[in-house]
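Colleague: Sharing a structure, written as C-alpha cells. Questions coming.
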Amino acid sequence: MRRRHIRPLTLAAAAVIALVIAWALAPGLFTRQDPNDGGTTAALLAPSGAHWFGTDEIGRDVFARMVYGASHSLLAALIAVGVGLVVGTALGLIAGSRRGWAEDVIMRAVDVLLSIPALLLSLTIVIILGFGTVNAAIAVGVTAIAQFARLTRSQVVRVSGAPYVQAAYGSGAGYGSVLVRHIVPNSLSPVLALAVLQIGWAILQISTLGFLGYGTPPPTPEWGLIIAEGRNYVATSWWLTVFPGLIIMIVVLATHRLGTALRQVSA
Amino acid sequence: MSRTRPPALSWRYALNRVGQALLVLAIAFTLASVLLAILPGDAIMARYANPELALSPDQIEAIRVQSGADRGWFAQYLTTLAGFLTGDFGYSVASGAAVSDLFAAAVPATLALAAVGLAAAVLAAVAIALLATFGRQRWLRAVFDAVPSLFISVPAFWLGIVLIQVFSFQLGWVSVVDPSPAEALVLPALTLMVPLSAPLAQVLIRSIDEVRAQPFVRVTRAKGASDGWLLIHAIARNAALPALTMAGLTFGELVGGAVVTETVFGRTGIGQLTSQAVANRDNPVLLAVVVVSTAAFVLVNLAIDLLYPVIDVRLRTSPGDRGAPGNQGGHSLRAASGQADAPATAPADRQEAGA
Amino acid sequence: MTGAASAPHSTPGAHAGSAPGSSAGLRIAGLSVDYRDRGGAWRPALTDVDLSVEPGAMTAVVGESGSGKTTTAAAVIGLLAGNGRISGGSIELGGEELTALRPAQLARVRGTRIGYVPQDPGTSLNPLATIGTAVAETLRIHRLATRAQARERALELLDRVGIDSPERRIDQYPHELSGGMRQRALIAAAIAARPELIVADEPTSALDVTVQQRILDLLDDLRAEGTGILLITHDLAVAGERADTVAVMQRGRIVESGPAATVLTAPTCDYTRRLLRDAPSLTAFSPDGPQPASPAPEVRRESRPARASGAVGTGSAGRGASAGEGAQAEEPLLRVSGLTQVYARGADGAVAGVEDVSFAVPAGTTHGIVGESGSGKSTIAAVLAGTLVPQAGSAVVAGIDAARVPRTRRRELRRAVQLVHQNPASALDPMWSVGASIAEPLRSFRIGARSERAARVREAMEMVALSPDLAERRPRELSGGQLQRVAIARAFAARPQLIVFDEAVSALDVTVQAQILRLLGSLQAELGLTYVFISHDLAVVRGIAQSVSVLSRGRQVEEGPTARVFDDPQDAYTRRLIAAIPHPLG
C-alpha cells in the first residue's frame, strides 16, 4: 500500500523533535557554554552572536540553559506519559474486556480522576511526594491516567463489537487469542497517537509546575524554572523569558503536529 | 400512538445522573481528605504549634478537638466531612485563619476573572471556528484551522509574562501600578482565554465539519439555502452540542488557569491561595480548594447533562424503545443506512407496511 | 433473458423522447464533469452526457456504483463536491442555462424550480428540527410564505404525500418517524415550492421493498401532475417499471438510452445486457421462469481453476457426489424448531426478535430466510452461529443444538457452522492480510499441518476465483466483491457443514452480486454444503434457495418449497412482498 503523503509541516515537526532529543542526549554538541556557571561573562547581556538568547542575571548563557534543560523536561515528560500510558491503558483494557463490576469500579475511579481539576490533582500529589523533577512528573502522569483509560476502554469496546472480531470467534479462535491478535492491536494505535500528543501536554504541565516552584529545584536549568527566574527582569531583559517560552511552544506544537498526523494514520 | 416520552423516564434519567454525580463527589472527597488530611494528620497538627502563628494553647486545643485529631482516623474523616457539609473548612496551618474566611476573601476576584476569561474564550472559539470553516479564502481557513493547536501549545504562565512585557512595559497601555479593577482584569483574562478557547475551538471546528458533511445539510442546500441560512438553521445547534460538553470539561482548565494567572499577575484569589498553600504545605487550604473546585466541576457537568435533553430532542425518547439488539452480529442492510438507528423505526415501519 | 433484439430503437447518447426546439423540461447536452484528485490532477467523472426530462415524464439514470449517476444528479442541482467542476456541456432548465449562473442565482433556482429527494431518509433530515420546519423550509428560504402560511402549506403537503394525521406529525422530530414516513416528508419538502423538476437520487434504496413501492407510487402521482422527474437508481427493474425513458451509465458515459420498454427488452449494448441478465428481479421473474444460476464466463476469466461446475436448480436432485451422502440421511442437516427470542413486544402483536420459528434444511440444499428490516432475520443467524442463546426452541445442526450448545461442543459447532456477513470490509481485520484472515480457521481448528497452510490458503482463494497473489494485501486494498470472496474463502476454509449468509450480497453491485451467487451455487454442488441464505431480496432468494421462510415482525408467516411459496403464497404478507417486486416486463 502506498504510504499516505507526508506533509511538509509534519516533517518539520519531526525535525524539531529530533533536534530536542539530540539536545537532551548530547547537549555539549550544541553549545560550548556552561549552563550553570556564567564565569566572567557579564550579566543580562542582550542576545548576540556569542549568546544567542542573551545571558541571565549571573551571566549564564540562556541558550545553553535551554539546551541542557531539554533532558530534564523531556525525561520528565516521558515519565509522566509513561505513567499515564501504562496505568491508563491497563485499566482501560481491563474495563473494556472484562466488563461487569470491574468495569464499573474502574470507570467510576476514572470519573473521579477527571473531575478533580488536573493542576490541583498534580499539586495534591506533589505536596504528598515532595517537590522535585520525578515527583512532578509522576504527579502530571497521574492526571493523564483517566484520558488513557477512557480512550483504551472505548477502543476495546468498539473493536470487540466489530464484525471481524465476531468472525474471528466464528473461525474458532479463543478469547485470549482474539484479545491478543485482534482486539489489542486494533485498539492500541489511537492510544499511541494520544501518547505522542500527551508528551507535548506533559511538557507544558511540568514546566508549569517548575514555574510555580514545585518541580526541579534551582540551579538546574529546567525550562519552566528558567522562565520563572527571568520573570524578575521582565521590565528590562525581555530575552530571559521570551526565548525559553518560544522554545517550549515550538516543541509542544511539534509534538502536537506529530500526534495529530499519527492519529490520522491510525484512524 | 403517541411517541412522546413518559415524564417518569426523564426523572429516572435525572435521578440516575444526580446519584452518579454524588457518588463521584463522595469518592473524590474521601480520596482528597485521606491524602491531604488524614495520612499526614499529626504532622499538620504539629505545625499549628509554630510560634509564628501565635496561636494560644487553647486555640490549638480547639482546632485539635474540632478536627477530631485526638480521635481515630475514621472520626477525623467524619468530622472533616461534617465540616465541609456545614461550610467549615478547617484552619490554615500557615496563618491560623479559618479557611472559609480565606475563601470568602478570595472568591469574588477569581469569579470575576473566570467569568470574563470564559466569556472571552467562548467568543474567541466561535470566531476561530467560523473563520476556519466558513472563511472565504482557502488560506484563511487553513490559518484559523491551525490556531487551536497553537493556542494549546502556549505556556499560559509565559503568555502572561509576555503580555505584561508588551502591553505594560513596552506600550504602556495597561498600567502595572495601581490599575483600575477593569484594567487589572484585561491581561489576566486574555491569559486565561487562550488555553481555554483552544479545546473549544477545536471541538467546534470538528463538529461543524462533521455536521456539514451530513446529508441533511446537502438537502438544505438543495432547497436553495445560503451559507448564512445553513449556519443558523441547520448547523449551529447540531454543532453546539459537542462544544457544550467540551465547555463543561474545560472547567478544570479554568481552575488550573486561575492558579497560573493569579500567580503571574499577583492577583488575589483562589489561585494565589492555592499556590501559597502548596508552597507552605498548607494542607487544609489545599484540601478545601480541591474539594470545592471538584464539587463545582461535578455540578457544572451535571447541569450540562441535565440540560442536554432540552437541546437535543433525540434524547427525549427513552432508550427502552429500542427494539432489536444492535450488537448481535451483522444486522440487516438497513442497520447501516441509519434507518435502524432511530428507536421508533420498527413499530412505525409496520404501520407504513400495513397502511 | 430478453428476446433477441430487432432493429435497435435507440443509439447511445440519443435524446430519447425530446422534441427538438421545445424549451420546457430539463436538457443536458454534452455534459462533462471532472474531479480533482489528491495529487491535483483533474480526472473525468462524466463524459459527454446527454439527457432530457420532459414535463410530466420520468427519466431514469441507471448504473452501478461509480458509474457517475450520482454526479449527474449533483451537477443538475448545482451541488458538485468541492473538488468537482463542470468542464463542458450545458444543463438547461425550461430554456435557462444553469451552468452559466452565478452561485447566488443558482441558489434561487434550487428549491423553487428543482426539488431534490435524497437517498437516505435516515440522515437527510435535520435531527433537531421538526418535520414541519423541514417541509416548509424552502418556502421560508425563498421568502415565499410567512411563518403561518408556511405551516398551513406544510400541513397540506404532509397530507398530499400520504402522511397520516399531519397535525400531529408536523411538530414531531425525524427520530419519531419511520424511514418511509421520513422519505415522504422529504418528498413533501422537495415539492413545497412546486418545482418543475424533481431530482430523486436513489430515493428508495435505503427502504424496505413494500415501502419502496409506495414511495415510487407517490413519485408517479407527482409525474402525473406535470412534474418532470430525474430518477437515479442502481435498480434496472425499478427504472424499467416506472420510467418513461431509461439511460444506462457506465464509467461516466451514457452507454444506452431510450424508451424504458425498448432498453429492457431490446438492449443494444453489452453492458445493458449484462445488467439485465444479472439483475435477480429480472431473471427470476422473466417469462421463462426462474433462471438457474450457473457459472458465468467472467467467473472463469478470473483465473478460476477448471474444476467441477454445477448449477443450483430449483430441485434438490443432481447434486455432486458428496451431496448424495447428505441426501440419503433421514434427518435434515439443520432443524430449527420453536425458536423464540423476544426483545420487545409491540401493542399490535409485532415482535422485536423472533417468535416460534421452525424449519428444516436437508443436507446439500439452500434455505432462504426473507424479511424486511426488523423482521428478526439476524437473530436467527446469531442463534445458528451459536453466539446467542435464545429464550426457547432449538436449532440442531448435525446433531448439535446450537441453541443450547454445551461448552465442550462449542468449538465443534463453530466449525460446523460458518457465518458470512453483509459487509465484508468490516468482517475482516483491517490490520491483517487477507491471506492471514483465511488462514485463521486453519490455525484455530488445527486443520492440516502448519507447513501446508500457505498451500491451503492458495487453494481456498482459487476456489473463490481470487488470485492467490492477493493474499498479502490488506482489506482496504481490495474491492467489495473481492472482499466478499475472501470472507467466503475463510468460511469454506473451516470445512463447515452449514454456511449462514446474512445479507451477504446485499451491499454489492448487481453484476458482482450475480458472480458471487453463481460461485456459491457451484461450490455447493461441488462440496455438498448446506446454506441458509438470509436476505431482504426475494428475487435473490428465489434464484438460490430450494426452500424458504418468510418472516414478518418476528414471526414466520410462511415456510415451504420456494416454488410453492412464490407461486401460491398463502399469507397476505407474502403476497404483498411478492407484489412489491418491480415487474418491468409486465
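The values are calculated or read from the model by the stated rules, or taken from the named source; none is laboratory data. As the structure is a prediction and not an experimental result, all values here were calculated from the model. Cβ placement follows ideal geometry from the backbone for every residue including glycine, while neighbour counts extend to all protein chains displayed. These accessible areas exclude ligands, DNA and RNA; they are computed on the full protein's heavy atoms, side chains included. Shrake-Rupley method; radii C 1.70, N 1.55, O 1.52, S 1.80 Å.
Colleague: Report the full-extension gain for the segment A:Ile128 to A:Ile250: residue separation times 0.36 nm, less the Cα-Cα distance, to one decimal in nm.
Modeller: On the way: separation 122, 0.36 × 122 = 43.92 nm, distance 3.23 nm.
My answer for the length gained is 40.7 nm.
Colleague: Taking the Cα centre of chain C as origin, work out the dipole magnitude from +1 charges on Lys and Arg Cβ and -1 charges on Asp and Glu Cβ, in debye rounded to 20.
Modeller: 1780 debye
Colleague: Going toward the positive end of the dipole of the protein assembly as shown, with +1 on Lys and Arg Cβ and -1 on Asp and Glu Cβ, which of C:Pro203, C:Ala454, B:Leu307 do you reach last?
Modeller: Final value for the positive-end residue is C:Ala454.
Colleague: Follow-up. Between C:Glu225 and B:Gln59, how high is the FRET efficiency from 1/(1 + (r/R0)^6) when r is the Cβ-Cβ distance and R₀ = 60 Å? Nearest 0.05. All intermediate terms of the calculation are to be shown ahead of the outcome.
Modeller: Numbers: r = 92 Å, r/R0 = 1.53.
Efficiency, rounded to the nearest 0.05: 0.05.
Colleague: Given chain C, what whole percent of its Cα pairs are spread farther than 39 Å?
Modeller: On the way: 58879 of 171405 pairs.
Considering chain C, 34 percent of its Cα-Cα pairs are separated by more than 39 Å.
Colleague: Which part of segment B:232-269 falls in the paramagnetic zone of A:Asn232, meaning amide N under 20 Å from the point 7 Å along Cα-to-beta-carbon?
Modeller: B:263-267
Colleague: Select from segment B:90-172 those trypsin sites (Lys or Arg not before Pro) which occupy a DSSP coil region and have at most 16 other Cβ atoms within 10 Å, ordered by residue number. Intermediate values should be presented prior to the final figure.
Modeller: Working: sites: B:Arg136, B:Arg138, B:Arg141; in loops: B:Arg136.
Loop-located and lightly packed - B:Arg136.
Colleague: Decide, for chain A, between rounded, prolate and oblate: order the square roots of the alpha carbon gyration tensor eigenvalues as a ≥ b ≥ c, take rounded if a/c falls under 1.5, and otherwise choose prolate if a/b is larger than b/c, else oblate. Working shown, then result.
Modeller: Values: a/c = 3.37, a/b = 1.93, b/c = 1.74.
It comes out prolate by the Cα gyration axes.
Colleague: Cα-based Rg (one decimal) and Dmax (whole number) for segment B:79-186, in Å?
Modeller: 20.5, 63
Colleague: Run the numbers for A:Leu9 and A:Phe30: contour at 0.36 nm per residue of separation, minus the present Cα-Cα distance, in nm. Kindly include the intermediate steps, with their values, before the conclusion.
Modeller: Working: separation 21, 0.36 × 21 = 7.56 nm, distance 2.39 nm.
Residue separation times 0.36 nm, minus the Cα-Cα distance, leaves 5.2 nm.
Colleague: Further question on the same structure: Ignoring everything except DSSP H segments at least 4 long, calculate the 222 nm mean residue ellipticity for the protein assembly as shown; use -39,500 (n - 2.57) per segment, divide by total residues, nearest 500.
Modeller: Values: 48 runs with 635 residues, N = 1208.
Calculated at 222 nm, the ellipticity per residue is -16500 deg cm²/dmol.
Colleague: Just to be sure I follow: if Rg is taken over the C-alpha atoms of the protein assembly as shown and Rh is the Kirkwood radius over the same atoms, what is Rg/Rh? List each step's numbers first, then the result.
Modeller: Details: Rg = 35.0 Å, Rh = 34.3 Å.
Ratio of gyration radius to Kirkwood radius for the protein assembly as shown: 1.02.
Colleague: Given a 1.4 angstrom probe, what's the average accessible area per residue across the protein assembly as shown, in square angstrom? Show your work: numbers first, answer last.
Modeller: On the way: 48870 Å² over 1208 residues.
Computed with neighbouring chains in place, this is 40 Å² per residue.
Colleague: Cut-off 15 Å, label point 7 angstrom out along Cα-to-Cβ of C:Arg85: give me the residues of segment C:29-62 whose amide nitrogen falls inside.
Modeller: The answer is C:32-46.
Colleague: Using 7 Å Cα-to-Cβ label points, what is the C:Gln149/C:Ala261 separation (nm, one decimal)?
Modeller: Distance between label points: 4.4 nm.
Colleague: Please report, in debye to the nearest 20, how large the charge dipole of the protein assembly as shown is about its Cα centre when each Lys and Arg carries +1 at its beta carbon and each Asp and Glu carries -1 there. Walk me through the numbers on the way to the answer.
Modeller: Working: 103 positive and 94 negative charges, 345 e Å.
The calculated dipole for the protein assembly as shown is roughly 1660 debye.
Colleague: Report, in order of residue number, the helices in chain C meeting two criteria: a C-alpha extent of 24 Å or more along the helix axis, and a mean Kyte-Doolittle hydropathy of at least -0.5; treat each whole DSSP H run as one helix. Please report the intermediate quantities before stating the final value.
Modeller: Details: long enough: C:510-527 (25 Å, 0.84).
Those that clear 24 Å and a mean of -0.5 are C:510-527.
Colleague: Once both labels are modelled 7 Å past Cα along the beta-carbon direction, what's the C:Ala29-B:Ile232 spacing in nm?
Modeller: Distance between label points: 4.1 nm.
Colleague: I'd like the orientation of helix A:118-129 relative to chain A: the angle between its Cα long axis and the longest Cα principal axis, in ° from 0 to 90, rounded to 10.
Modeller: Once rounded, one gets 80 degrees.
Colleague: Of C:Gly393, C:Ser437, C:Pro424, whose Cα points farthest to the positive end of the dipole of segment C:386-465 (charges on the beta-carbon: +1 Lys, Arg; -1 Asp, Glu; origin at the Cα centre)?
Modeller: Positive-end residue among those listed: C:Gly393.
Colleague: If you don't mind, there's one more thing I want to ask. Can you work out the FRET efficiency for the pair C:Asp171 and B:Asn280, with r the C-beta to C-beta distance and R0 = 60 Å, to the nearest 0.05? It would help to have the intermediate numbers written out before the result.
Modeller: On the way: r = 61 Å, r/R0 = 1.02.
It comes out at approximately 0.45.
Colleague: Continuing with this model, one more query. Once you put a point 7 Å from the Cα of B:Thr268 and another 7 Å from the Cα of B:Glu52, both along the Cβ direction, what distance in nm separates them?
Modeller: 2.0 nm
Colleague: Under a 1.4 angstrom probe, counting protein chains only, how are C:Arg184, A:Arg181, C:Arg446 ranked by accessible area, largest first?
Modeller: Values: C:Arg184 25, A:Arg181 100, C:Arg446 185 Å².
In descending accessible area the options line up as C:Arg446, A:Arg181, C:Arg184.
Colleague: In addition: State, in square angstrom and to the nearest 100, the accessible area buried between chains A and B, both chains counted, probe radius 1.4 Å.
Modeller: Details: alone 13510 and 20660 Å², together 30480 Å².
The summed interface area works out to 3700 Å².
Colleague: Suppose accessible area is computed on protein heavy atoms with a 1.4 Å probe; arrange C:Met463, C:Met58 from highest to lowest.
Modeller: Values: C:Met463 25, C:Met58 0 Å².
The residues order as C:Met463, C:Met58, largest area first.
Colleague: Which length gain, in nm to one decimal place, applies between A:Ala90 and A:Val180 when the Cα-Cα distance is subtracted from 0.36 nm times their residue separation?
Modeller: Numbers: separation 90, 0.36 × 90 = 32.40 nm, distance 1.35 nm.
Gain on extension, A:Ala90 to A:Val180, equals 31.0 nm.
Colleague: Once neighbouring chains are kept in place and the probe is 1.4 Å, which whole percent of the accessible area of the protein assembly as shown is contributed by carbon and sulfur?
Modeller: Here carbon and sulfur together make up 59 percent of the probe-accessible area.
Colleague: Follow-up question, since we're still on this one. What is segment A:71-179 by shape, rounded, prolate or oblate, if you read a ≥ b ≥ c off the alpha carbon gyration tensor as root eigenvalues and call it rounded for a/c under 1.5, prolate for a/b larger than b/c, and oblate otherwise?
Modeller: Values: a/c = 3.64, a/b = 2.20, b/c = 1.65.
Judged from the Cα gyration tensor, segment A:71-179 comes out prolate (a/c at least 1.5, a/b above b/c).
Colleague: Hey, another quick one. Along the principal axes of its C-alpha atoms, what lengths does segment C:37-133 span, in descending order and rounded to whole Å?
Modeller: 42, 35, 30
Colleague: Separate question: Through the Karplus equation 6.51 cos²θ - 1.76 cosθ + 1.60, θ set to phi - 60°, convert the phi angles of segment B:278-285 into ³J(HN,Hα) values in whole Hz; use x for Gly and Pro.
Modeller: The phi angles translate into 5, 4, 8, 6, 8, 4, x, 5 Hz.
Colleague: Return the FRET efficiency for the residue pair C:Glu459, C:Arg335: r is the Cβ-Cβ distance, R0 is 35 Å, and the value is rounded to the nearest 0.05. Walk me through the numbers on the way to the answer.
Modeller: Values: r = 32 Å, r/R0 = 0.91.
After rounding, the FRET efficiency stands at 0.65.
Colleague: Let me ask something else. Measure nothing fancy, just the Cα-based angle from helix A:8-25's long axis to the longest principal axis of chain A, in degrees from 0 to 90, nearest 10.
Modeller: With both axes taken from Cα atoms, the answer is about 70 degrees.
Colleague: Tell me, what is the 1.4 Å probe accessible area of C:His583, in Å² to the nearest 10?
Modeller: We get 80 Å² for C:His583.
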